[in-house]
Amino acid sequence: EPPDPALFTDDTQMTLALAQALVCVENDDTDQLMEAVVAQFIAWAHHPDTPGRSPGATCLRAVAALERGVHWRESGVKGSKGCGSAMRVAPIGYLYQHSPERLRAVAQATGRATHAHPAADAACIAAAYLVKLALDGAHPKQFSRGVLEFCDGLSDEFDAAILRLNHTLGWADTDAALRHIGEGWVGEEAVALAIYCCLKHPDDYAAAVRLGANITGDSDSVASIAGGIMGARLGRAAIPADWIVRLERRAELETLAERLTYAQTHPPL
């Protein structure tokens with residue numbers, strides 16, 4: 001169970017940073033949006049809480065490059081496919097539910113700012129798209145096929161991780177299934193593990209998140225991705241009330257959620 005207060009890790013920190021950028025730009029200009037994203041990522045790196053929230057080395061290295069003036073198209077760490085670009089994109093899936101190509105473009109752009117690898121591209125696009133699918137009412141049984149189709153041709157490594165997930169369907173041994181999929185340190189595994197959590201508990205937000213949070217591996221990132229998907233699928237009412245009241249910066253989170261909702265329902269003309 002979450003402690004009281006329930007402090008969050010770098011996953012939620014960077015999700016908040018990305019969401020703040022999304023609600024600040026009221027048009028579809030990707031370069032203008034990325035200016036806001038860069039500013040928010042730099043502010044995140046300098047926040048006094050960040051060193052104690054287990055920030056990823058790749059994200060810190062890339063943000064340091066951004067702060068030196070490296071363009072976001074070039075700042076991503078070459079060859080890095082860690083899950084840091086996928087763990088933070090739930091707001092993109094929410095905001096662009098009805099604009100899948102815009103979802104794809106924004107997810108890829110924000111991912112490229114820190115991670116430069118085809119598998120990372122596919123993972124961050126897929127993680128955002130899963131939120132869109134959940135909002136659309138898709139059942140978790142449809143998730144694997146959905147992301148394979150939406151991310152077709154981007155990364156063989158991503159496709160292989162989703163196929164490993166599919167191999168485990170019907171396995172009774174949850175621990176064996178998790179080991180078969182991976183540990184989630186890389187983006188494609190984190191997304192596949194998050195889908196697995198949703199499949200195991202399609203109608204139970206807490207159980208899906210709890211499963212992700214207790215894997216062997218990058219548990220907070222898997223839980224973060226799964227939580228974003230399940231929140232979109234089931235809504236706020238499915239989140240245990242005693243989890244919500246323990247959250248740090250709860251008022252800030254709720255205000256930002258309201259701003260995202262407004263932006264989603266009032267898209268640029």
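For the reader, a short list of remarks on this structure follows.
- Neighbour cut-off at most 11 other Cβ (10 Å), DSSP loop, chymotrypsin sites (Phe, Trp or Tyr not before Pro), region 153-203: none
- Computed magnitude of the charge dipole of the chain (debye, nearest 20; Cβ of K, R +1, Cβ of D, E -1): 60
- GNM result for the chain, Cα springs below 10 Å: residue of Ala127, Ala45, Ala241 fluctuating most strongly: Ala241
- Couplings 3J(HN,Hα) for region 232-249, derived from phi with the Karplus relation 6.51 cos²θ - 1.76 cosθ + 1.60 (θ = phi - 60°), are 5, 6, 10, x, 4, 4, 7, 7, x, 4, 6, 6, 5, 5, 7, 4, 5, 6 Hz, where x marks Gly and Pro.
- Dipole-positive endmost among Val89, Val38, Ile244 within region 10-265 (Cβ charges, Cα centre): Ile244
- Distance in nm between pseudo-label sites at His266 and Asp136 (7 Å out along the Cβ direction from Cα): 2.7
- Förster radius 41 Å - calculated FRET efficiency between Ala251 and Arg179, Cβ distance, rounded to 0.05: 0.55
- Remark: region 195-202, residue by residue, has Karplus-estimated 3J(HN,Hα) of 4, 4, 4, 5, 5, 5, 9, x Hz, where x stands for each Gly or Pro and the curve is 6.51 cos²θ - 1.76 cosθ + 1.60 at θ = phi - 60°.
- In this structure the amide hydrogen of Gly82, modeled in the peptide plane, comes within under 5 Å of the amide hydrogens of Gly187, none closer than 5 places in sequence on its chain.
- Relative contact order for the chain: 21 percent, from Cα pairs under 8 Å spaced at least 6 residues apart, divided by residue count.
- Percent RCO, i.e. relative contact order, over region 161-269, from Cα pairs under 8 Å lying at least 6 residues apart: 19
- The chain, helix-only ellipticity at 222 nm - DSSP H runs n ≥ 4, -39,500 (n - 2.57), divided by all residues, nearest 500: -19500 deg cm²/dmol
- Spin-label model distance (nm) - Asp152 vs Ala207, 7 Å beyond Cα toward Cβ: 3.4
Bear in mind these aren't lab numbers, they're just calculated from the coordinates by the rules spelled out. Predicted model only: the values in this text are computed from it and were never measured. Cβ sites come from the backbone with ideal geometry, for glycine too, and all protein chains shown count toward neighbours.
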